[in-house]
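Here's the structure, in structure tokens; my notes come after.
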Amino acid sequence: MAVIDVALAGRSYQVLIGPALYERCGESLRRFLRKQAVPVVADAGALAAQGPRLIGALEAAGFAPAIFEVPAGEASKSWEGLARLTDWLLAQGVERGDHVLAFGGGVVGDLTGFACAILKRGCGFIQLPTTLLAQVDSSVGGKTAINTVAGKNLVGAFHQPSLVLADTTTLATLPQREMRAGYAEVLKYGVLGDAAFFDWLEAHGAAVLAREGAALEQAIATSVAAKARIVAEDERETTGTRALLNLGHTFGHALEAETGFSDRLLHGEAVALGMVLSARYSARLGLLAGADAARIGRSIEAAGLPATLPALGLACDGARLAQHMRHDKKMDAGTLPFVLLRGIGAAFLARDVALGDVAAFLDEELVR
Ligand code: GLY
């Protein structure tokens, strides 16, 4: 088992990573759970695939789990979903000093985290991420939110969990497409700040995607350690350091918007292609060697992720994609910060990117 510390003044916590953690959850959870009754907010898919294992382990440890099932999919991160969940938590008698378990992927983690941020002005929660994407990204760092008619994640709060249990056994039942989408966020840590990790993934990415135990645990632990360092440095995304985690997300957001935030393009797939576009745009600006941009593209392609715009078959032009970027929540006083690259492992935040130039670049990419 790997243990990563997220060091935050007064709110430090650990991320435990390894196989069969649920079977040993008694020892890790007991210091947080003061009562026998334990509220568990569970994604319906995770509940079907891994619920018996978690519930059995909680019962074996002497707890009495009460389950609130959340339908799979982004639609659950809504005002209605939040109201239903907070009403249920209140009916369960959850107090400020209690902890709620969030069992599932990013949807359940974000929704539960936000509910716990506002319930009685803040109660505790513990993340039990069941997807690769949630284990390496969304369960760590305290970003919580719901979606509104105006867009994704526009209403939320920073609220850190008290513990993250990333049980890698849950990934055994994850569909391969979801594995690949999560792997895009793993690659992201190499591309943005760790060239040696990028090299390692070139050699071991196939083993990670095949869920080989040691490679999988190392990839997750290295990713979480990178995220923990960044979050400890810039918890609320004010200095620009945490914004580096948005590598590939601005292009990716435009692609998700154009495909209607649907199953046509998963978030991780959009981030993968967004990273290729960031790299190629950086090369076009003369910031990054063309050979490095090509290497990033090859890694993404090798993982079975979309690596070129024509692969998506979009019927739009660059101006339309750039227009989606204007609605990006990172817009700041009329400018949109972009994460660009000076090398593999050397991302930086550019604040002077002209969206017109991005649109012209995208026009070229759409016919490449
Ligand atoms: N997923 C980006 C962040 O946590 O900042």
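Bear in mind that the values in this text are calculations on the coordinates, not laboratory data. All figures in this text were calculated on a predicted structure; none of them were measured in a lab. Quick reminder, even Gly has a Cβ in these numbers, built from the backbone with ideal geometry, and neighbours come from all protein chains shown.
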- Gain in length, Ala75 to Arg368, computed as 0.36 nm per residue apart minus the alpha-carbon separation, to one decimal in nm? 102.0 nm
- Item | Globularity ratio of the chain, using Cα Rg and 2.2 N^0.38 Å | 0.97
- Query: In µm²/s, what is D for the range 302-368 at 10 °C and 1.306 mPa s, where D = kT/(6 pi eta Rh) by Stokes-Einstein and Rh is the Kirkwood radius from Cα pairs?
  - Reply: 118
- Note on the structure: Two pseudo-spin positions, 7 Å from Cα along C-beta at Val149 and at Asp234, lie apart in nanometres by 3.5
- Item | Global geometry of the range 129-282, whether rounded, prolate or oblate, following the gyration tensor of its Cα atoms and the 1.5 cut on a/c | rounded
- Task: Largest first and in whole Å, give the semi-axes of the range 1-133's equivalent ellipsoid, each being the square root of 5 times a Cα gyration tensor eigenvalue.
- Result: 21, 18, 16
- Message: As a quick test, which of the pairs Lys143/Lys188; Lys120/Lys227; Lys188/Lys227; Lys35/Lys227; Lys77/Lys188 have an alpha carbon distance above 21 angstrom in this structure?
- Response: Lys120/Lys227; Lys35/Lys227; Lys77/Lys188
- Using θ = phi - 60° and the Karplus relation 6.51 cos²θ - 1.76 cosθ + 1.60, list the HN-Hα couplings for the range 355-368 in order, rounded to whole Hz, with x at every Gly or Pro. 4, x, 5, 4, 4, 5, 4, 5, 4, 5, 5, 5, 10, 5
- Item | Within straight-line cross-link reach of Lys330, aspartates and glutamates at Cα separation under 17 Å, skipping those fewer than 8 residues along the same chain | Asp234, Glu235, Glu237, Glu256, Asp352
- What is the Cα coordinate range of the range 112-183 on the first, second and third principal axes, sorted by size from largest, in whole angstrom? 37, 30, 16
- Query: Taking a quarter of the surface of the convex hull around the Cα atoms of the range 220-368, what do you get in nm²?
  - Reply: 8.8
